[in-house]
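The values are calculated or read from the model by the stated rules, or taken from the named source; none is laboratory data. Only a predicted model underlies this, so the values are computations on that prediction, with no experimental measurement involved. Surface accessibility is based on the protein's heavy atoms, side chains included, excluding ligands, DNA and RNA. Shrake-Rupley method; radii C 1.70, N 1.55, O 1.52, S 1.80 Å.
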Amino acid sequence: MLPSEGETILLTLRLAGSIPARAGRELHARRVVARQAADSPEAHRRAEKQFFAGFDALLDARTVGPAYLEREKLAETIAGELLMLEEQGLQVPCFVLLPNHLHAVLHLPVRSGLSLPKAVELLHQRTAAQARRLLRGQLPAEADFWQTGFHELPVPDAAEQTRIKAYLLAHPQRLGLPERFGEWPYVHEQK
């Protein structure tokens, strides 16, 4: 179910090929089973959070795929495009760029005029085109930069948003990434 106007979500985008195919299929199958077993909104939310935790762990393990987002110029370009979403009516209170994926808290204001799927499509298109220029020859012409689609997790209230922001801001340090991953352009928090 896509978020509607006035909602806040945690968005995750990942580079193409950044999760082992078999592990991704198994995780998705567990998600389907958990969703079917969910007998309340709370159970459904728990199932989605468990899926997110498993999905994020696969991405953090970085066992396959490229790590293009660790390149500072590319990270700066993508961070700039994320913030451009604000000019189109979305709010971006926080984001973090990691070597193979990004997480962003997005608030979809009422009457923003831009749906989440359209915003992600624009973000995918603009950043992929810029990445191809920056990666000249390192990304095969037929290869996708981003994995098709996205994952979103609704953020039901301010307390959950605070927890998510703390998780995102501490994410690079938890992964033992170089110190620069804790600073712009890799991490942003709206003050």
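What is the mean projected area of the alpha carbon convex hull for the chain, to one decimal in square nanometres? Spell out each step's value before the answer.
Details: hull surface 43.5 nm².
Orientation-averaged projected area of the Cα hull: 10.9 nm².
Considering the convex hull of the alpha carbon atoms of segment 137-191, report its projected area averaged over all viewing directions, in nm², one decimal.
On the way: hull surface 24.2 nm².
Directional mean of the projected Cα hull area for segment 137-191 stands at 6.1 nm².
Using the Kirkwood radius over Cα pairs, work out the Stokes-Einstein diffusion coefficient for segment 1-108 at 10 °C and 1.306 mPa s, in µm²/s as a whole number. Let's see the in-between values first.
Numbers: Rh = 15.3 Å.
Answer from the Stokes-Einstein relation: 103 µm²/s.
Less than 25 Å apart at the alpha-carbon level, and either on another chain or at least 8 residues along: which lysines does that give for Lys191?
Those lysines meeting the cut-off are Lys73, Lys165.
Please compute one quarter of the surface area of the Cα convex hull for segment 52-159 and express it in square nanometres. Kindly include the intermediate steps, with their values, before the conclusion.
Values: hull surface 30.0 nm².
Directional mean of the projected Cα hull area for segment 52-159 stands at 7.5 nm².
So, with a 1.4 angstrom probe, what is the percent of accessible area on segment 34-159 that is carbon and sulfur?
About 52 percent, which is the carbon plus sulfur part of the accessible surface.
Before I look further, what does segment 19-64 give for accessible area per residue, probe 1.4 Å, in whole square angstrom? Write down the numbers at each step before the final one.
Working: 2950 Å² over 46 residues.
For segment 19-64, the solvent-accessible area averages 64 Å² per residue.
So if I take the centroid of the Cα atoms in segment 47-68 and the same for segment 133-191, what is the distance between those two points in Å?
If we compute the Cα centre of each part, the gap is 12 Å.
Using only C-alpha atoms and all pairs of different ones, pull out the Kirkwood radius for segment 19-64 in Å with one decimal.
Values: mean 1/r = 0.0916 Å⁻¹.
Kirkwood radius, segment 19-64: 10.9 Å.
Apply the Karplus parameterisation 6.51 cos²θ - 1.76 cosθ + 1.60, with θ equal to phi minus 60°, to every residue of segment 164-175 and state each ³J(HN,Hα) to the nearest whole Hz, in sequence, with x for glycine and proline.
Each residue's phi maps through the Karplus curve to give 5, 4, 4, 4, 5, 5, 8, 4, x, 5, 4, 7 Hz.
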